[in-house]
Amino acid sequence: MQQEKLRLDKYLWAIRVFKTRTLATAAIEDGNVKYNGSNLKPSKAVAIGDKYEIKTPFRKWLIEVTGLLQNRVGYDEAIRNYIDHTPEEDKVIERMSESFYTGKRLSKTGKPTKKQRRDRTDFFEEDL
């Protein structure tokens, strides 16, 4: 569905770069979306052929608009409306390891052993 005018925040939400339109608007206002190296406003009109640099918490994007979407669609449809020119090294931003120990057992690992129950009980009693 091709429209003549489409807001940038709505386009980035529709192609699934951001989960919500509010997040897309906040990223644009914070300067994480650039067009020709300059900051934008969320209401900027998107045109076919525009190239945007986008920085999200999880990765960097360098996209070229090939089609305009008025509404959010499935991933398979969304990827047909832009070309991702992002270099491979920028596709994943290193995040803090999620495997640090929190004191909780992993889900679905079964009932704790007697030793694990004692250790947990000792841990909680020491704080008293």
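The values are calculated or read from the model by the stated rules, or taken from the named source; none is laboratory data. As the structure is a prediction and not an experimental result, all values here were calculated from the model. No Cβ is skipped: glycine too gets one built from the backbone with ideal geometry, and neighbour counts run over all protein chains shown.
Some notes on this structure:
- Scanning region 1-52 for residues that are assigned to a loop (DSSP other than H, G, I, E, B) and in contact (Cβ under 8 Å) with a residue 40 or more places away in the chain turns up M1, Q2, Q3, K5, L6, I15, R16, V17, V46.
- When the residues of region 53-89 are filtered to those that are part of a strand (DSSP E or B) and of a type in the set (D, E, K, R), the one that is nearest to N36 (Cα to Cα) is E53.
- Qualifying positions in region 90-116 - in a helix (DSSP H, G or I) and modelled with pLDDT under 80: D90
- Here the condition is being loosely packed, with under 14 Cβ neighbours inside 10 Å and of a type outside the set (V, I, T); of K5, K34, K51, it holds for K5 alone.
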